[in-house]
Amino acid sequence: MIPFLDLKAPYLELKQELDEAIARVVSSGWFIGGGEVDQFEADFAQYCSATHAVGVANGLDALHLALRAMDVGPGDEVIVPSNTYIATWLAVSQCGATPVPVEPDARTYNIDPARIEAAITPRTKVILPVHLYGQPADMAPILAIARKHGLRVLEDGAQAHGARYKGQRLGAHGDAVAWSFYPGKNLGAMGDGGAVTTNDAQLAERIRVLRNYGSRVKYVNEVQGYNSRLDPLQAAILRVKLAHLDEWNGRRSAIAARYQQGLAGCGLTLPHVPDWAEPAWHLYVVQHPKRDALHKALADAGVGSLIHYPIPPHRQKAYTQAEWEKGAFPLAERMANQVLSLPMGPHLPANQAQQVAAALLFSMGADD
């Protein structure tokens, strides 16, 4: 059996470091905020070439609180990709604002900058690109459009820890970047966690207040805030893993290269990487019209694969009130019907990656 992702392997590789970090927190008796969180925020900000990092409870909260700090509220619109995980949309809805979907670039799966301007209205406040699957969105034209129209840019970096756009790590291209540290991410905690990175000191401070009941001083509440704090245990774990992130991303890149070489010309649509992008390879996603048959054939061969994501946000019951008809966003719908994620992770052995490719080639041949 080849699992889609091995979550135990990172702990086994770093067992001594992680055990020491966990013991340090437990023995300190400090379980909310404190030095571990402060140090991780400083380390992660530096890693992202950002001035500030603000830890929060999870990736959805990172998006939501960043939007709230940008004064997004009822009556506002936020431009989002039609092809993304629903959390991107939910963060907008939680502010009382309206997500406005824009179709992706068919090659990169990310929001198509050429389609954004047509979606802007007087109510638009933020453009929210997603660095989907660990592939950087094309930020230069997005930022140019935002500056032209006086809009803020919030990036969803939940799948792109360590990815680079035009040689610079993601973390401070736009006004802010929201991150998730869900266990399966490239930089994953042992539970939920999230953060926002930014070079805007005022924005960072507003998020700090919002995450802590709207308070800077205990029992003094300036605004109606939330309880969304990254805890010291997860911060200590993330500090250990951050030191290994680039090496682990390098392993992911090597696996992606094996897939690219081994699957070339077989009839699958393979990931397209623009020359300005250095993906973090959170996922390796292929596309084929008979995706479901391939998914089953891989499972029968003992190979785990997943579908990211089988239902686009506009077709979810959560957004039926928007009354989008089937076919409203055909590129997102086609991708939902055709994409398949192959096993990917820093602990996938090279021989197993080769076996995945061989099983997929066999399945393609059998299908023919």
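The values are calculated or read from the model by the stated rules, or taken from the named source; none is laboratory data. Remember, it's a predicted structure, so these values are computed and weren't measured experimentally. Heads up, the Cβs are rebuilt from the backbone with ideal geometry, glycines too, and the neighbour counts pull from every protein chain shown. Just so you know, the surface numbers come from the protein's heavy atoms only, side chains and all, with ligands and any DNA or RNA stripped out. Shrake-Rupley method; radii C 1.70, N 1.55, O 1.52, S 1.80 Å.
Over all directions, average the projected area of the Cα convex hull of the range 253-295 and note it in nm². Don't skip to the end; give the middle numbers.
On the way: hull surface 14.0 nm².
The directionally averaged projection comes out at 3.5 nm².
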**Distance between the range 147-205 and the range 53-124 - C-alpha centres, whole angstrom** = 13
**Using a Förster distance of 30 Å, the FRET efficiency for S28-E247 (Cβ separation, nearest 0.05)** = 0.60
**Item:** Per DSSP, loop chymotrypsin sites (Phe, Trp or Tyr not before Pro) in the range 1-66 with at most 12 further Cβ within 10 Å
**Value:** F31
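Can you tell me the alpha carbon radius of gyration of the range 128-260 divided by the globular rule-of-thumb value 2.2 N^0.38 Å?
My calculation over the Cα atoms of the range 128-260 gives 1.18.
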**Asked** PRE reach from N227 (point 7 Å along Cα→Cβ): which of the range 167-193 fall under 18 Å by backbone N?
**Response** 192-193
**Item:** Whole-Å semi-axes of the ellipsoid equivalent to the range 292-368 (Cα gyration tensor, √5λ, descending)
**Value:** 31, 15, 9
**Request:** Subtract the Cα-Cα distance of T269 and K218 from 0.36 nm times their separation in residues, and report this length gain in nm to one decimal.
**Result:** 12.9 nm
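Under the √(5λ) rule applied to the eigenvalues of the Cα gyration tensor, what semi-axes describe the equivalent ellipsoid of the range 1-55? Give them in Å, descending. Write down the numbers at each step before the final one.
Numbers: eigenvalues 131, 73, 17 Å².
Semi-axes (√(5λ), whole Å): 26, 19, 9.
Kirkwood Rh, the range 244-324, all Cα pairs: how many Å?
Numbers: mean 1/r = 0.0653 Å⁻¹.
Hydrodynamic radius (Kirkwood, Cα pairs) of the range 244-324 is 15.3 Å.
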**Asked** If you plug each phi of the range 278-294 into the Karplus form 6.51 cos²θ - 1.76 cosθ + 1.60 with θ = phi - 60°, what whole-Hz ³J(HN,Hα) values come out, in order, with x for Gly and Pro?
**Response** 10, x, 8, 6, 4, 10, 10, 10, 10, 9, 7, x, 9, 3, 4, 5, 5
**Prompt:** Which lysines does K296 reach when only Cα atoms under 28 Å apart count, and residues fewer than 8 places away in its own chain are ignored?
**Reply:** K8, K185, K317, K326
**Prompt:** Which whole number in µm²/s is D for the chain by Stokes-Einstein, with the Kirkwood Rh taken over Cα pairs at 4 °C and 1.567 mPa s?
**Reply:** 61
**Asked** With θ set to phi - 60° and the Karplus curve 6.51 cos²θ - 1.76 cosθ + 1.60, what are the ³J(HN,Hα) couplings of the range 59-67 in order, to the nearest whole Hz, using x for Gly and Pro?
**Response** x, 4, 5, 4, 5, 4, 5, 5, 5
**Item:** Cross-link partners of K290 among aspartates and glutamates (Cα-Cα below 18 Å; sequence separation of 8 or more within a chain)
**Value:** D300, E333, D367, D368
**Within the chain, longest stretch clear of exposed GluC sites (Glu not before Pro) (DSSP loop, no more than 15 other Cβ within 10 Å)** = 1-221
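Rounded to the nearest 0.05, what FRET efficiency do S49 and A318 have when you use their Cβ-Cβ distance and R0 = 30 Å? Provide the component values of the computation, followed by the final result.
Details: r = 35 Å, r/R0 = 1.18.
The calculated FRET efficiency here is 0.25.
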**Message:** With Kirkwood's inverse mean 1/r over C-alpha pairs for Rh, give me the Rg to Rh ratio of the range 100-155, two decimals please.
**Reply:** 0.93
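Divide the volume of the convex hull of the Cα atoms of the range 130-205 by its number of residues and quote the answer in cubic angstrom per residue.
Given the Cα convex hull of the range 130-205, per-residue volume reads 84 Å³.
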**Asked** Over the range 25-106, what per residue volume does the convex hull of the Cα atoms give, in whole Å³?
**Response** 135
**Request:** Any chance you could run the full-extension gain for R334 through Q261? It's 0.36 nm times the residue separation minus the Cα-Cα distance, nm to one decimal.
**Result:** 23.8 nm
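Report relative contact order for the range 267-362 in percent, whole number only (criteria: Cα-Cα under 8 Å, sequence separation at least 6). Provide the component values of the computation, followed by the final result.
Values: 96 pairs, mean separation 35.3, N = 96.
Dividing the mean separation by the residue count of the range 267-362 yields 37 percent.
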**Sequence of S93, S28 when ordered by accessible area, the most exposed leading, probe 1.4 angstrom** = S28, S93
**Prompt:** Over the range 53-151, what per residue volume does the convex hull of the Cα atoms give, in whole Å³?
**Reply:** 101
**Prompt:** How far apart, in nm, are two points set 7 Å out from the Cα along the Cα-to-Cβ line at K166 and at R147?
**Reply:** 0.9
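Among rounded, prolate and oblate, which fits the range 329-368 when a ≥ b ≥ c are the square roots of the eigenvalues of its C-alpha gyration tensor, a/c under 1.5 means rounded, and a/b larger than b/c means prolate?
Values: a/c = 6.28, a/b = 1.48, b/c = 4.24.
It is oblate, given that a/c is not under 1.5 and a/b is not larger than b/c.
Pick out, in residue order, every one of the trypsin sites (Lys or Arg not before Pro) in the range 144-218 that is DSSP loop and has at most 14 other C-beta atoms within 10 Å; say none if there are none. The partial results should precede the final answer.
Numbers: sites: R147, K148, R152, R164, K166, R169, K185, R206, R208, R211, R216, K218; in loops: K166, K185, K218.
Listed in order of number, the matching sites are K166, K218.
Please compute the Kirkwood hydrodynamic radius over the range 189-310, one decimal place, Å, based on all pairs of different Cα atoms. Walk me through the numbers on the way to the answer.
On the way: mean 1/r = 0.0534 Å⁻¹.
For the range 189-310, the Kirkwood estimate is 18.7 Å.
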